[in-house]
Amino acid sequence: MKLLTSCLLFTTCLLALRAAPETPASPPVDPTLTAILTDLDARLFAAFNAADLAAAQPFFAPDLEFYHDKNGVENYAQTIASLDRLFHQAIRPQRTLIPGTMEVYPIKDFGAVQIGSHRFCVVENGQKSCSVYKFIHIWRLRDGHWQLTRVISVGH
């Protein structure tokens, strides 16, 4: 049943991303919640860009499901292992949130969903190469602590 629920969530989110026009994000539903998730996003990806696994790891819930359109689905342990491998590569991507694309919506009695676009760039042999992808992050608030429970990354 959990797999069916996850598949339905993934399909619904994917369809929403495909149907969404390429327009700037709407005004925030809840400015305070948007500020919180903006800060969480900045801290998570500061750790990512610094290749700091110890700082990135607490952002992910133990029951994490990470959906990637090219790499498939990973759980928490697989995601942490993937980040560890990525962080030890000589050429690592740097992530930037594309301004004006982030949308945040509360999820009653759970947390929030964050939708947006981000750019990943690498520099190899003096050449910078960048790509833009869409993402959906589902954040859970438990005991005052926010963690990602679902990550959906598409458009690769």
Dipole in debye (nearest 20) - the range 28-154, about Cα centre, beta carbon charges: Lys, Arg +1; Asp, Glu -1 = 300 debye
ask   = Label 7 Å along Cα→Cβ of Val29; the range 105-125 residues with amide nitrogen under 13 Å?
value = 105-115
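Bear in mind that the values in this text are calculations on the coordinates, not laboratory data. Remember, it's a predicted structure, so these values are computed and weren't measured experimentally. Counting neighbours? That spans all protein chains shown, and the Cβs are built from the backbone with ideal geometry, glycine included.
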